[in-house]
1. How large is ³J(HN,Hα), in whole Hz, for each residue of segment 199-211 in order, when computed from phi with the Karplus curve 6.51 cos²θ - 1.76 cosθ + 1.60 and θ = phi - 60°, using x for Gly and Pro?
2. What span do the alpha-carbon atoms of segment 127-174 cover on each of the three principal axes, reported in whole Å from largest to smallest?
3. How far apart, in nanometres, would the label points at TRP217 and GLN141 be if each is projected 7 angstrom from Cα along the Cα-to-Cβ direction?
4. Based on Cβ point charges of +1 for Lys and Arg and -1 for Asp and Glu, what charge dipole magnitude is obtained for segment 2-102 about its Cα centre, in debye rounded to the nearest 20?
5. First measure r as the distance between the Cβ atoms of GLU109 and GLU233, then evaluate 1/(1 + (r/R0)^6) with R0 = 45 Å and state the FRET efficiency to the nearest 0.05.
6. Could you put ASP184, ASP106 in order, starting from the residue whose Cβ has the fewest other Cβ atoms within 10 Å?
7. Using a 10 Å cut-off around each Cβ, can you sort GLU52, GLU174 from fewest to most neighbouring Cβ atoms?
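Rule-based calculations on the coordinates, nothing more; no lab input. In this text, all values refer to a predicted model and were calculated from it rather than measured experimentally. FYI the Cβ positions are ideal-geometry reconstructions off the backbone, even for glycines, and counts take in every protein chain you see.
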Amino acid sequence: MEIEVLGPLTVRRFGESIVPNAGKPRQILALLALRAGRVVPAPVLMEEIWGEDTPRSATTTLQTYILQLRRKIADALPPGARESAKDVLTTSFGGYALVSDDVRTDAQEFHRLVAQGGSALAAGDAGTASAVLRLGLQLWQGDALTGVPVGRVLGLEVLGLEEARMRALELRIEADLQLGRHADLVAELRVLAAQYPMNETFSAQLMLALYRSEGSWRALDEFRRLRRTLADELGVEPTPRLQRLHRAVLSGSAVLDHPDDRSAAGLDQLAG
């Protein structure tokens, strides 16, 4: 079974899509796909579909949606298949599970690659880290679960995926900074700083890339922008980490001039 959630929802069995057109069955399938191989309790599925407004007919209606999904699965099974739709979408312990011996999900592959890339970066292998993290990020085909109605439960799942995506991007840029690709990173980081104006990691990475490629005054401009944004939106100052970087830029600290210095790229041990 092939499952893709890092973009439009795709679930294929024997190459045939089992994704329904209707919104609520699509929500159910999305949650079952994200938790493939695990039982999702019926109350959790009901919470996703109806939130706090669960109707009295919820149990019967949920069973109807499950029946619709099983019909889609049955249509995808080849003639003479050993398994039935109930073997793929099982009922157990007061819930339902999407079960297959050969499940392949883009989310699992993404998390595997991010873990591998993060380990390589921690070990000082920035080249491998950058390459592996790029492979992981390339699995994304848009926002998670594009086109699927999202309730409270799926909303948390999507939030977790998007946060993991952001962290992977931060790690990949850090690896590229260690590889001395600062000039190539400036344009990308400017876009990211504009999209996420209060993200201090992107701002710090942009300051470092600007310092190394265009000079200290450009980096100081970015710090002033971030400081102004944080003050206007939250009434706070940049974190001590950013302030240390600011002081390092002002003083022209030598640690900023070494792309292969992990402490410089990580921005966690700057002097000052």
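1. 7, 6, 5, 4, 5, 5, 5, 5, 4, 5, 5, 5, 4
2. Result for segment 127-174: principal-axis Cα extents of 40, 16, 11 Å.
3. For TRP217 paired with GLN141, the spin-label model returns 4.8 nm.
4. It works out to roughly 240 debye.
5. It comes out at approximately 0.80.
6. ASP184, ASP106
7. Neighbour counts put them in this order, fewest first: GLU52, GLU174.
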